[in-house]
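Written out below as structure tokens is the structure these notes cover.
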Amino acid sequence: MFSLNERVAIVTGGSRGIGRACAETLATLGATVVLTYVRGEAAALETVKAIEERGGRARAMKADVAVSAEMDAVVDATVKEFGRLDVLVANAGIAVDGLLLRLKDEDIDNLVATNLRGTIASARAAVKPMMKARYGRIVFLSSVVGEMGNVGQTAYAATKAGVIGAAKSIAREYASRNVTVNVVAPGFIDTDMTSHMTEAMKTQLLSGIPLGRTGQSAEIASAVAFLASSEASYVTGQVLRVNGGLYM
């Protein structure tokens, strides 16, 4: 497995689901992890405790990625406490579903603010210390629907497609500083975001997945860990699809 010893990582939205799995996996590989949360303080502290009980180092910081100044503050605090920032996993995101004719402007604005603007702002904050160190690994979390689309997810899919375009552009901008920028695009994963689905919906969904099952958060975290490692030093501007074959 890859080593992240002496690396420092920030995982946005790291209190639950895929974010928590990423935080725990990076810590297991040796990284010091700062995870952000908005409302789930108890869950964030639980994640920190789980990491520390396994001998890792972690901190939880409250920050809304939709507010640029808050992410700037997280990066500044991380560098001040730990002396560096090597990895950013921009995972924080929200989902608001609805057919186009029922989609409200407020829903669109909230999705763009968190999923797209928040991801870009997180990268903007993180890339500053990475440039100075001439080393960095930035990993964005997108979604299979950002590439293939999905009924009832017009705005959500648009933000996740935007994340891919942003990653490719940032990758070109900072490659000369040895900062790589890549995307992990999960398929349908067993998280809080998919727990509301009915059995009929799940059955229909599984029929379109060649591997015949939904994914696990740990499987996404493993892909993130690879892109965050030195072994991925020649990988940048890429989309790593972890979707069971749903979209190829």
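The values are calculated or read from the model by the stated rules, or taken from the named source; none is laboratory data. What you see is a predicted model, and the numbers here were worked out from it, not measured in a lab. When we count neighbours, we look across all protein chains shown, and the Cβ atoms used for this are built from the backbone with ideal geometry, even at glycine. These accessible areas exclude ligands, DNA and RNA; they are computed on the full protein's heavy atoms, side chains included. Shrake-Rupley method; radii C 1.70, N 1.55, O 1.52, S 1.80 Å.
For the range 156-167, state whether one or more residues are more than 30 Å from M201 (Cα to Cα), in a helix (DSSP H, G or I) and either charged (D, E, K, R) or in contact (Cβ under 8 Å) with a residue 24 or more places away in the chain (or both). Within the range 156-167 (the criterion being more than 30 Å from M201 (Cα to Cα), in a helix (DSSP H, G or I) and either charged (D, E, K, R) or in contact (Cβ under 8 Å) with a residue 24 or more places away in the chain (or both)), the answer is yes, since at least one residue qualifies.
Whether any residue in the range 45-64 is over 22 Å from E219 (Cβ atoms), surrounded by 15 or more Cβ atoms within 10 Å (Cβ to Cβ) and of a type in the set (G, A, S) is what I want to check. Yes.
Scanning the range 71-124 for residues that are touching a Gly at 6+ places or on another chain (Cβ under 9 Å), acidic (D, E) and modelled with pLDDT of 95 or more yields D86, D107. Taking the range 6-43 as the range and being open to solvent by 10 Å² or more (accessible area, probe 1.4 Å), at negative phi and touching a residue at least 60 places away in the same chain (Cβ under 8 Å) as the test, the residues that pass are R7, R16, I18, R20, A21, E24, T25, L29. Selection of first residues in the range 195-217 that are surrounded by 10 or more Cβ atoms within 10 Å (Cβ to Cβ) and of second residues that are β-branched (V, I, T) and in a helix (DSSP H, G or I), restricted to Cβ pairs under 9 Å at least 6 apart or on distinct chains, gives the following pairs, ordered by first then second residue: S217/I18.
Working only within the range 231-248, note down all residues that are out of contact with any helix residue (DSSP H, G or I) (no Cβ under 7 Å at 6 or more places or on another chain) and open to solvent by 60 Å² or more (accessible area, probe 1.4 Å). E231, S233, Y234, Q238, R241, M248 - these are the residues of the range 231-248 that are out of contact with any helix residue (DSSP H, G or I) (no Cβ under 7 Å at 6 or more places or on another chain) and open to solvent by 60 Å² or more (accessible area, probe 1.4 Å).
Inside the range 97-121, residues that are surrounded by 17 or more Cβ atoms within 10 Å (Cβ to Cβ) and outside any helix (DSSP H, G or I) make up a count of 1. Of the residues making up the range 119-142, those that are in contact with a strand residue (DSSP E or B) (Cβ under 6 Å, 6 or more places away or on another chain), without any contact (Cβ under 8 Å) to a residue 60 or more places away in the chain and more than 17 Å from M71 (Cβ to Cβ) number 0.
Okay, residues lined up against (1) at pLDDT 95 or above; (2) acidic (D, E):
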residue: K168; (1), (2): yes, no
residue: A175; (1), (2): yes, no
residue: N182; (1), (2): yes, no
residue: D192; (1), (2): no, yes
residue: Q216; (1), (2): yes, no
residue: E219; (1), (2): yes, yes
residue: S222; (1), (2): yes, no
residue: E231; (1), (2): yes, yes
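Residues in the range 177-229 that are among the hydroxyl-bearing types (S, T, Y) and either in contact with a Ser or Thr (Cβ under 8 Å, 6 or more places away or on another chain) or in a strand (DSSP E or B) (or both) were compared, and the one that is farthest from G19 (Cα to Cα) is T180. Summed over the range 122-142, the residues that are closer than 17 Å to V11 by Cβ and assigned to a loop (DSSP other than H, G, I, E, B) give a count of 1.
Confirm whether V67 is under 30 Å from G149 (Cα atoms), at pLDDT 95 or above, surrounded by fewer than 17 Cβ atoms within 10 Å (Cβ to Cβ) and under 20 Å from the mean Cα position of the chain (by Cα). So V67 passes the test.
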